[in-house]
1. Just the number please: accessible area per residue for the chain, 1.4 Å probe, all protein chains included, in Å².
2. Roughly how large, in nm² to one decimal, is the mean projection of the convex hull of the alpha-carbon atoms in segment 99-162?
3. Would you list the P(r) distribution for the chain, with all Cα-Cα distances sorted into 10 Å bins from 0 and each bin expressed as a whole %?
4. The chain: longest stretch without exposed trypsin sites (Lys or Arg not before Pro) (DSSP loop, at most 13 other Cβ within 10 Å), sites themselves excluded?
5. Work out, step by step, the length gained on full extension between Gln101 and Val17: first 0.36 nm times the residue separation, then minus their alpha carbon distance; give nm to one decimal.
6. In segment 32-117, what percent of the accessible surface is made up of carbon and sulfur (1.4 Å probe, ligands and nucleic acids excluded)?
7. Indicate, rounded to the nearest 5 percent, the antiparallel portion of the DSSP beta bridges found entirely in the chain.
8. What is the percent of Cα-Cα separations in segment 50-149 that go past 16 Å?
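The values are calculated or read from the model by the stated rules, or taken from the named source; none is laboratory data. In this text, all values refer to a predicted model and were calculated from it rather than measured experimentally. Cβ placement follows ideal geometry from the backbone for every residue including glycine, while neighbour counts extend to all protein chains displayed. Calculation scope for accessible area: heavy atoms of the full protein, side chains included, ligands and nucleic acids excluded. Shrake-Rupley method; radii C 1.70, N 1.55, O 1.52, S 1.80 Å.
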Amino acid sequence: NYLFSKEYPDETQFQKVLLLTESKDNDYFTRFRDEHRLSPNSEYRFQDTDEDVSLVLTRGDKPLCYLIKSRQIVTKENLEILLVASSIKINDGLPIREVLQKIIDSKNVALLAWGFGKWTFSRGKIITNILEKNEYPYLMLCDNSARLTFSFTPPQFKQARNKGIPILAGS
């Protein structure tokens, strides 16, 4: 367990975590877990953890980053939901509320990732309605690091803050 390791004191001051969010056609996480390396001659290795959804990327014996298995699900409405730290299978193309319910029923975390074109007009209203009802306890929003800082704050972010729904930073 590298989180509280005394062996690497400078690494424990700031833990690096990468949510490897893959689409239905990709599964690099399983490849990394099975092969334990990026490429045959790489000095970077992946070490198993006590969880089937996480790995530790190392260089030599030095831990560099936690890698967390995650999945992007594209809903019927063409909105993206990120399923975090989970191996459950949910097909693309299902209605957003059905996808959210499957994630919540399995006690997993669902992230709605912001995207200008995705969160405006009719699809924006879908997000607004979901946030208004606030019926998914493991639902969080995710901002995009590419969103211009001087641009407007999406109204759904204000709505989420008022409802106590977390907003994560990311891209």
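1. Values: 10320 Å² over 171 residues.
With the other protein chains kept in place, the chain gives 60 Å² per residue.
2. Values: hull surface 18.2 nm².
Averaged projected area of segment 99-162's Cα convex hull equals 4.6 nm².
3. 9, 33, 31, 20, 6, 0
4. Numbers: sites that count: Lys6, Lys16, Lys76, Lys89, Lys107.
Counting only loop sites that pass the neighbour cut-off, the longest clear stretch is 108-171.
5. Numbers: separation 84, 0.36 × 84 = 30.24 nm, distance 2.62 nm.
Extra length from Gln101 to Val17 when fully extended: 27.6 nm.
6. Numbers: 2130 of 4430 Å².
Heavy-atom surface of segment 32-117 belonging to carbon and sulfur, 1.4 Å probe: 48 percent.
7. Details: 21 of 33 bridges.
DSSP beta bridges in the chain are roughly 65 percent antiparallel.
8. On the way: 3012 of 4950 pairs.
Everything past 16 Å amounts to 61 percent.
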